[in-house]
1. Report, in degrees rounded to the nearest 10, the 0 to 90 angle that the Cα long axis of helix B:161-189 makes with the longest principal axis of chain B.
2. State the antiparallel share, in %, of DSSP beta bridges confined to the protein assembly as shown, rounding to the nearest 5.
3. Note the angle between two axes, namely the Cα long axis of helix B:92-107 and the longest principal axis of the Cα atoms of chain B, as a number of degrees from 0 to 90, rounded to the nearest 10.
4. Could you list A:280, B:121, B:448 in order of exposure, starting from the residue whose Cβ has the fewest other Cβ atoms within 10 Å?
5. Which whole-number percent is the relative contact order of the stretch B:413-515 (Cα, under 8 Å, 6+ apart)?
6. Sort out for me the Cα centre separation of the stretch A:149-177 from the stretch A:202-259, rounded to whole Å.
7. Using a 7 Å offset from the Cα along the Cα-to-Cβ direction at both residue B:493 and residue B:463, what is the distance between the two label points in nm, to one decimal?
8. Hey, fewest Cβ within 10 Å first, where do B:476, B:270, A:119 land in order?
C-alpha cells in the first residue's frame with residue numbers, strides 16, 4: 001500500500017521475514033505435530049480414525065498454505081508493483097485465454113489430488129478394524145450384536161449405545177440377559193471402555209438433535225431422533241478422553257459433556273460388574289422409597305414411568 | 001406549421017415523466033427505484049448495527065471462561081438474532097437496495113420494470129424486520145438461525161419467538177421473491193440500446209444470478225417454514241419423529257435454501273468488486289467472459305451442494321461423496337474469479353482509494369474463507385471441524401469478506417452518486433484499516449478455537465488449554481471491527497453535510513450510472529446513450545475529447561454533446 005519507492009530495502013527485509021516465518025512454521029509443524037494440535041491441527045492421538053483425519057487435514061493444510069502464500073503473495077506484489085505512479089500507464093488488456101484456461105485446469109487438478117487422497121484414507125477412517133491383542137475377548141450374543149451397522153472385518157466389536165438427551169449422554173453396554181435389554185448396564189456422562197478393543201457406537205437421540213464428539217477419538221456424529229448413526233473408536237492408551245455435545249440442543253447445550261475412560265479389559269469387566277451392582281442396589285432402594293411414598297400419598301402418584 | 005416541403009428533422013421524443021415527489025411523505029408513497037434503494041440501504045444499515053451490537057454482546061460473554069454476563073437463554077437468543085439479522089435483514093436486502101438503485105442506472109433504464117411491486121418488496125421486508133424485532137418485547141427466538149427441529153417444535157421452544165422467526169422468513173422471503181422477479185424482468189427487458197449480454201456490467205450479471213437463485217430457493221424455505229408453522233400450531237407431523245415425520249427433512253429443505261443463500265449474499269459482492277477494481281486499476285476487467293460464466297456456474301453448482309452442511313448426519317457415504325465433489329467443483333470458478341481480479345490489478349495503475357482498499361481487503365480475506373471451505377468440503381475432515389468455531393471462522397471470512405467488505409466498497413464507491421457528495425477519504429481509510437485488522441484479529445484465532453475443541457453456540461466454556469486466551473483475542477478484535485464500522489457511520493453523517501461536491505463522474509468510471517447527474521433526476525436520463533462496449537463511459541469520454549479537442553471531460557456537458 002506504500003506509495004514511496006524509497007522503501008525497497010524494507011520491502012525486501014519484509015519478504016525475507018515472511019519467508020522465514022513461513023518456513024519456521026512448516027518445520028515446526030513437521031517436527032512437533034503434537035504441540036500444534038489445537039492451534040493448527042485438529043486433536044488426535046486417541047483412536048486410529050482421529051489420527052487418519054488429522055493426517056488428511058495435514059495434507060490439505062500443506063496444499064492450502066502453498067495456495068495461500070501464492071495467491072496473497074501475488075495480490076500484495078501486484079498492489080505494490082502496479083501502484084499509481086507519475087507517468088505509469090495501465091496496460092489495456094482484456095484477458096489471456098491460454099492463461100485463464102491454465103489456471104482453471106490448475107485449480108481443478110489440485111482438487112482432484114485432494115479428492116484422491118481423501119478416497120485413499122476414507123476406508124481407514126470410516127470402517128472399524130478388528131480388535132487388537134490385549135483387548136477384551138468378545139463373545140457372540142453377549143458383547144456384540146450382528147446388525148448391519150458398522151462392524152470390523154471379523155464382525156466382533158463391543159457395541160455401545162449412545163443416547164443423547166437434554167442435556168446428558170446415556171451409555172448402554174451389551175451383556176444383559178433380557179431380550180429387551182432392560183437389564184443392560186448403563187452409565188451417564190462417563191463411558192468406560194476396554195483398551196485395544198474395537199468399540200462401535202449406535203448413536204441415537206430421544207428428544208432433539210445432539211452431536212456425539214470426543215475430539216481425540218474421531219469426528220462428530222449427529223444423534224437425530226429416528227435416525228440411528230454409527231461410528232467407532234479403538235483406544236490403545238488408557239486414559240480419559242473428553243468431549244461435549246456439538247449440536248445446539250437447547251439452553252444448557254454447553255453443559256452436555258461426555259467423557260470416555262479407557263481402562264484395561266480386566267478393569268472394564270470389574271467396572272461393569274460394579275456398575276451392575278450399583279444399579280441393582282439403587283433400583284432396590286428406589287423400590288423401597290416408592291413403596292414408602294405410595295403408603296403416604298396413594299399408589300397412583302408414584303408409578304414407575 | 002409544417003409545410004409539405006420541409007425536410008424531416010431528427011428529434012428527441014420527450015418521455016412523459018412523473019413529477020418528482022417531495023416532502024417526507026414521499027418516502028412512504030414513492031415508487032422511484034432510487035428512493036426505494038435508499039430506504040433499503042438505510043434500513044438494512046440500522047439492522048446491521050443491531051446485529052453488530054448482538055455480536056459484541058456474544059463476544060463479551062465469551063471473553064471470560066464460565067462468564068455469567070448473560071443467561072444461557074439470552075445467549076441463545078443473541079446468536080439467533082445475530083445470524084438471522086445479518087442474513088435476512090442486512091446482507092440480502094442490502095444487496096437488494098444496491099441492485100434497486102444501480103441496476104436501472106447501469107443498464108440505462110428509467111426505473112424498474114414494476115415500480116409498485118418494487119415498493120411492495122421494501123415494505124414487506126420492513127414488516128419482516130419489525131415482526132422479528134418486536135419479539136424482543138416477549139421472547140426472541142432461540143433455536144439458532146437454522147431453527148433445527150425438533151428443538152424448534154412447540155415441545156421444546158413453546159414461546160412465540162420461533163413463530164416471529166417463521167413470519168420473518170415468510171415476509172422477507174416474499175419480499176426477496178418479488179424483488180428478484182422485478183430485477184430479472186428489468187435486466188432482461190429494459191437494457192439500453194446496444195447493451196447486449198456481452199456488454200452487461202458484471203454487477204448486473206451478478207444481480208441477475210442473485211435473482212435467479214432467490215427465485216429457485218425461496219419457495220423451498222417458504223414451504224419448509226410453513227410446515228414448521230403447521231407442526232407447531234395445527235397438529236401436523238411433518239418433522240415429528242414420533243409420528244412418522246422426519247427431522248432430517250427439515251435439514252434437507254433448510255439447506256437446499258441455505259446454501260444458495262450463501263451465494264445470494266456473496267455473488268453481488270463479487271459483482272461490486274468486478275466494477276470497482278477496473279475503475280481504480282485504470283484497466284479493463286481481466287477475463288470478462290470468464291467472470292460472467294463463473295458467476296452463473298457458481299450459482300448452478302451452489303444448488304447441488306447443500307448436503308455438505310449435513311456431513312455429520314446419518315446419510316449414506318455416496319451422498320457425502322457427491323456433496324464433497326460438488327463443493328470441490330465450486331472452488332474452481334471461485335478460484336478463477338480471484339485470479340481474474342488479481343489479473344485486473346496486474347499491470348494496472350492502481351489508485352488506493354477507499355473503495356479499492358475494501359475490494360482488496362475482500363480478496364485477501366475471502367481467499368482464506370475459500371481455502372478453509374475446501375477443508376470443510378472434505379467430509380472426514382469436516383467430521384472434526386463441523387459445528388466448531390472453525391466453521392464460525394470460515395463463514396465470517398466468507399461473509400465479512402465477501403459481503404460486508406464488498407458492501408462497504410459499494411458504499412464508498414456509490415455514495416457520491418447517491419448523495420452528490422464525496423465521503424472523506426481520510427476517515428474511509430481509517431475505517432478500512434480498523435475493519436480489516438479487526439476482522440483478522442477476531443476471526444483468525446477462531447480457527448484455533450475450533451481445532452482446540454470448542455463447539456459453536458455454547459454460552460460458556462471451561463478454561464482448559466488456551467481457550468480463554470483465544471477467546472479474549474477474538475473479543476478484543478471484535479471491538480476494533482466495531483470501531484471501524486463506527487468511523488464509516490460518522491463519515492456518512494458528516495459527508496452528507498460537508499462532503500466535497502462530487503459531480504457526475506468523480507472516479508472516471510466505466511458504467512452508465514456515471515452518465516447522469518449526482519444525485520440522478522427522477523427520470524434518471526434525459527437521453528439514453530447507445531452502448532457500444534462494456535465500458536460506455538470510456539467511449540463517451542473519448543468522444544467528448546475528440547469533439548472538444550481534448551478539453552474538459554465532463555459528462556454533464558456530454559449530455560448536450562451526445563444529443
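Nothing in this text is a laboratory measurement; each read-out follows from the coordinates by a stated rule. Because the structure is a prediction, the values reported are computed rather than measured. All Cβ positions, even for glycine, are placed from backbone atoms using ideal geometry, and neighbour counts span all protein chains on display.
1. Here the helix axis deviates by roughly 30 degrees.
2. For the protein assembly as shown, the DSSP antiparallel bridge percentage is about 65.
3. The two axes meet at around 20 degrees.
4. So the ranking, lowest neighbour count to highest, is A:280, B:448, B:121.
5. 48 percent
6. Taking the Cα centre of each part, the stretch A:149-177 and the stretch A:202-259 sit 12 Å apart.
7. According to this spin-label approximation, the distance is 3.8 nm.
8. Going from sparsest to densest Cβ surroundings: A:119, B:476, B:270.
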